[in-house]
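> Following this message is one structure expressed as structure tokens.
The values are calculated or read from the model by the stated rules, or taken from the named source; none is laboratory data. A quick note: this is a predicted structure, and the numbers were derived from the prediction, not measured. Quick reminder, even Gly has a Cβ in these numbers, built from the backbone with ideal geometry, and neighbours come from all protein chains shown. The accessibility values were calculated without ligands, DNA or RNA, using every heavy atom of the protein model including side chains. Shrake-Rupley method; radii C 1.70, N 1.55, O 1.52, S 1.80 Å.
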Amino acid sequence: MSQLVSDHETAAERGGDDARPAFHGRPVGLLAGLVGLVLLGTSWAYGYHRDELYFLAAGAHLDWGYVDQPPLVPVLAWTLDWISGGSLVAVRLPAIACVVLGMLVTAAIAREFGGGRRAQVIASIAYGTTPITLLVGHWLATNSLDMFFWALTTLLLVRWVRSRDDRLLVLLGLSAGLALQAKYLIVFFLVVTVVAAAIVGPREVFARPKLWLGAGIAVVAALPTVLWQATHGWPQVEMSEAIADAAEATGGRAGFVPTLLSLAGLSAVLLVYGVGRLVASRELRPWRFLGWSFLGLVVVFVAVNGRADYLGGMFPLLMAAGASGLGPSPRTRWVPWVAWPALTATAAFAVLLTLPVVPVQSLASSIQRDAESVQTVGWPEFARSVGEVYEELPPDTAVLTDDYAQAGALYRFGPEHGVPAVYSPHRGYWYFGAPPDHTTTVLVVGGEDAELRRFFGAVRPAGATGDPYGVTNLASNVPMWVCEQPLAEWPRLWEQMRRIA
């Protein structure tokens, strides 16, 4: 293992006049492949995450935009599900690929900072074994693609600072444009980075025509989903407010930095060291604006009460900056002896916390009992419970769920249990349409009696879904109600039912 962090290389390996160390693709690729195999080997376990179920339904209702994200992830989820005939593993392949490629990109950034074999290996494995990386690599999420495109965009910018090759600025715009198809967050990175570059340099970038060509590419790529938001009343703004309110439940602004560090595991030490080097070291002075960009983003996201995982895309940059300062030199002979135990411990902790390695029957009593893993179990059983109630109701009964994830679960598993089209007034699912105008009987899954009586003249309980695994999630112990006598026409009723939070 110590050979992986050796920095001996020949002049030929350095690539002629290129002053950078060689790119050590063999050890980095080996480690990235191992992480990818771990993610692939666990991708089938438990079941769909609640957001994956929503993405499948959203992809079936194809549009230029959605309330909560641009179209790329829903399109990917639905397409891979259709091609594979309903394979959970296939849906998750893009997330796995983004982790593997992200580790290679992290090593490439370390190389740009002058890091040799040791730096490239440590940076890549540190990024690939953080809890946030394994989490978004296990299931398909908007963060899965967003984090990778942030890393790729950062690499292109870092390389431009060294080479002044303006073609990289065009590719940067293309990368940012692709990121904008998965999530809107990279806009914050671009704006804050522009401000940082204007203050501390390199200001000459603004005089490069290809920068503005790249910016134009990004704008054109984002235009369809921006127009969708504009024509639908900017629901993303309302969505952001709901996310900010929900953030209070996980510590709010005071908990932002501690949560951010926890997402890196023990590699948070490397992350903090990387921030310090970017901001203060002489070796990384040309890239100092990126250190200030990170600190500026922390301030912005704390101010808007955003989530700490928004900054996961900066981890490759920061870990590469930190790793590039770890030698080799006589003063850093200790690094391999500390790095490997620390990285191994971080990997083990992250796997136990994020991947489905605990038997599902023991999930409720495991370390993951309060983690997102609980949102990946019980969905087929949930759909079966709904189907058992539905078959006792009139054939023209509509099914409506209180939560978008429950609607997604019934979209995926409902047909095999006799549940037809499903509706939900929650978040993006509201835009997929209301029950038919002639509907008089509705099976509502979730919600409360008092709330439902605002919309229906008759409400009676119809049991609840089961709890086969003893966990608390959106699939377990969900009450069901038979609601009749709508108190208004469905178009008006649907407007009243709509909610984002």
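> May I ask you to rank Glu52, Glu372, Glu391, Glu451 by accessible area, largest first, using a 1.4 Å probe over the protein chains only?
Output order, biggest surface exposure first: Glu391, Glu451, Glu372, Glu52.
> Find the accessible area per residue for the chain; the probe is 1.4 Å, ligands and nucleic acids are left out, and the unit is Å².
Numbers: 20870 Å² over 501 residues.
Per residue, the chain has 42 Å² of solvent-accessible surface.
> Right, next: Considering only C-alpha atoms, what is the centroid distance from segment 341-389 to segment 202-276, in Å?
Here the answer is 28 Å between Cα centres.
> As an exercise, use a Förster radius of 41 Å and the Cβ-Cβ distance of Ala97 and Arg282 to find the FRET efficiency, rounded to the nearest 0.05. Intermediate values should be presented prior to the final figure.
Numbers: r = 37 Å, r/R0 = 0.90.
Result of the calculation: an efficiency of 0.65.
> Sorted by accessible area with a 1.4 angstrom probe, largest first, how do Arg167, Arg111, Arg162 fall?
Sorted descending by solvent-accessible area, the residues read Arg167, Arg162, Arg111.
> With θ set to phi - 60°, apply the Karplus curve 6.51 cos²θ - 1.76 cosθ + 1.60 along segment 488-496 and write out the HN-Hα couplings as whole Hz, x wherever there is a Gly or Pro.
7, 5, 4, x, 5, 4, 5, 5, 5
> Moving on to the next point. Computed from the coordinates I sent, P(r) over Cα pairs in 20 Å bins from 0, in percent equals one of (i) 19, 37, 24, 18, 2; (ii) 22, 52, 22, 4, 0; (iii) 25, 59, 15, 1. Tell me the label.
(ii)
> According to a simple spin-label model (label point 7 Å from Cα along Cα-to-Cβ), what is the distance in nm between Arg162 and Ser362?
Result: 4.6 nm between the two label points.
> OK, next. Could the peptides 34-40, 378-384, 260-266 be put in order, highest first, of the mean number of other beta-carbon atoms found within 10 Å of their residues?
Values: 34-40: 18.1, 378-384: 23.1, 260-266: 20.7.
Descending packing order for the listed peptides: 378-384, 260-266, 34-40.
> Here's something else I'd like to know. Could you calculate, for segment 49-127, the ratio of the Cα radius of gyration to the Kirkwood radius, expressed as Rg to Rh?
Details: Rg = 16.9 Å, Rh = 14.4 Å.
Rounded to two decimals, Rg/Rh equals 1.18.
> For a protection proxy built on the mean count of beta-carbon atoms within 10 angstrom, sort 314-326, 214-226 highest first, please.
Top of the packing list down: 314-326, 214-226.
> Check Thr441: other-chain or 5+ apart residues with amide H under 5 Å from its amide H, H built from backbone geometry?
Ala398
> Still on this structure, I have one more. Taking R0 as 45 Å, what FRET efficiency do you get between Val187 and Ala458 from their Cβ-Cβ distance, rounded to the nearest 0.05? List each step's numbers first, then the result.
Values: r = 48 Å, r/R0 = 1.06.
That gives a FRET efficiency of 0.40.
> Considering the zone a paramagnetic label at Asp449 would reach in this model (a point 7 Å from Cα along the Cα-to-Cβ line), which residues of segment 466-481 have amide N under 16 Å from it?
Within reach of a label on Asp449: 479-481.
> For segment 150-228, what does the convex hull of the Cα positions come to per residue, in cubic angstrom?
80
> If I model a spin label as a point 7 Å beyond the Cα along the Cα-Cβ vector, how far apart are those points for Val269 and Val200 in nm?
Modelled inter-label distance: 2.5 nm.
> At Glu388 and Ala230, where each label point lies 7 Å from the Cα along Cα→Cβ, what is the point-to-point distance in nanometres?
Rounded to a tenth, the inter-label distance reads 5.2 nm.
> Rounded to the nearest 10 Å², what accessible area does Asp81 have for a 1.4 Å probe in the complete protein model?
30
> Quick query: amide H of Gly463 versus all other amide H atoms, modeled in the peptide plane; which residues come in under 5 Å with a sequence gap of 5 or more or a different chain?
Those lying under 5 Å, H to H, from Gly463 are Met480.
> Turning to a different aspect of this structure: Starting from the residue with the highest accessible area, list Ile83, Ile243, Ile132 in decreasing order, probe 1.4 Å. Provide the component values of the computation, followed by the final result.
Details: Ile83 120, Ile243 30, Ile132 5 Å².
Greatest to least solvent exposure: Ile83, Ile243, Ile132.
> Sticking with this one: Take peptides 359-366, 404-411 and line them up by average Cβ neighbours within 10 Å, highest first, as a rough protection proxy.
404-411, 359-366
> When the accessible area of the chain is split by element with a 1.4 Å probe, what percent falls to carbon and sulfur? Don't skip to the end; give the middle numbers.
Details: 13250 of 20870 Å².
So the carbon and sulfur contribution to the accessible surface is 63 percent.
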